[in-house]
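A short write-up of the structure that comes next.
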């Protein structure tokens, strides 16, 4: 695994700073998206991440739980479904890194379990686990 030379720093409309670092895995680029605070609040924010990563020729991304609004993990808001459906539709693979046990929701746990089976949408505990998931394809 090699780290690419590309680091992209963006200031989003909500004034949060986001950094995209490219990880080269074989002949593929994986975007690691991180920053301070929440920068995915709605569908448009989620789509912008996909666009920004695609501009770096990265069609797989690692995103951190702390950068996503809690509404995403409350399935009744339908935000997770809207964003992840678009990602799947456009062939954009994602790994969300975090501790999902803090959400006491059987429906979320079932959603995570089913999503992880697809290997296109992954909920994992560590960055290393995310990279490993992407390398197994």
- prompt: What are the semi-axes of the equivalent ellipsoid for region 72-123, taken as the square roots of 5 times the Cα gyration tensor eigenvalues, largest first, in whole Å?
  reply: 18, 13, 9
task: Using Cα pairs closer than 8 Å and at least 6 residues apart in sequence, work out the relative contact order for region 2-135, in percent.
output: 18 percent
- line: Kirkwood calc, the chain, C-alpha pairs only, radius in angstrom 15.0 Å
Mean-position separation - Cα centroids, region 88-137 and region 63-77, in angstrom: 13 Å
- prompt: Which value at 222 nm does the chain reach when only helices count, each DSSP H run of 4 or more adding -39,500 (n - 2.57), with the total divided by all residues and rounded to the nearest 500 deg cm²/dmol?
  reply: -10500 deg cm²/dmol
- prompt: So in region 2-135, what percent of DSSP beta bridges are antiparallel if you round to the nearest 5?
  reply: 50 percent
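Read-outs throughout are calculated quantities, based only on the coordinates presented, and are distinct from any laboratory measurement. Being a predicted model, the structure only gives us computed values, none of them experimental.
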